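Remarks on the structure that follows.
The values are calculated or read from the model by the stated rules, or taken from the named source; none is laboratory data. Note that the structure is predicted; figures quoted are calculated from it, not measured. Counting neighbours? That spans all protein chains shown, and the Cβs are built from the backbone with ideal geometry, glycine included. The accessibility values were calculated without ligands, DNA or RNA, using every heavy atom of the protein model including side chains. Shrake-Rupley method; radii C 1.70, N 1.55, O 1.52, S 1.80 Å.
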Amino acid sequence: MMVKIDEKKCTGCGKCVAPCAEGAIKIINGKAKVVSEELCDGMGFCLGICPEGAISVEERHTVEFNRERAEAQPRKKDISIHCFTCGAGEDTSYLLPLRHNMQSLWVCTRCLPKLIHS
């Protein structure tokens with residue numbers, strides 16, 4: 001499985017970069033691009049966060065995912081990512097991507113049970 005980015009739909013907002021923990025996506029010349037196929041694990045955490053629907057996952061032959069190389073990528077914090085309920089950032093809480101009321105949002109693990117059970 002490999003992430004595919006439709007450059008015609010991509011606006012270069014960069015919201016897909018931080019959810020890609022492996023560092024496979026970067027903004028280049030104003031568009032999101034998969035910079036290395038061996039860094040993409042195909043999990044698609046970037047998928048639901050794209051406001052333009054420019055990202056999909058496709059099954060195709062590619063290089064094997066390289067976990068060691070992915071783990072060696074520098075970690076970047078995105079201060080725009082925070083829990084839509086309590087405002088906690090990724091520096092203090094585990095955050096998960098979430099679709100809620102037709103929006104792509106982030107929620108922390110402390111607030112998630114309230115959403116599920118209310």
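Tabulated data
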| item | result |
| --- | --- |
| Residues of region 21-60 classified as out of contact with any strand residue (DSSP E or B) (no Cβ under 8 Å at 6 or more places or on another chain), surrounded by 18 or more Cβ atoms within 10 Å (Cβ to Cβ) and in a loop (DSSP other than H, G, I, E, B), total | 3 |
| Subset tally (residues that are open to solvent by 40 Å² or more (accessible area, probe 1.4 Å) and not in a strand (DSSP E or B)) for region 85-111 | 11 |
| Residue 12 vs. criteria at pLDDT 90 or above, assigned to a loop (DSSP other than H, G, I, E, B) and not polar (S, T, N, Q) | yes |
| Check on residue 18, buried (at least 16 other Cβ atoms within 10 Å of the Cβ), small (Gly, Ala, Ser) and without any contact (Cβ under 8 Å) to a residue 60 or more places away in the chain | no |
| Residue check, residue 70 open to solvent by less than 70 Å² (accessible area, probe 1.4 Å), among the small types (Gly, Ala, Ser), farther than 20 Å from residue 100 by Cα and not in a helix (DSSP H, G or I) | no |
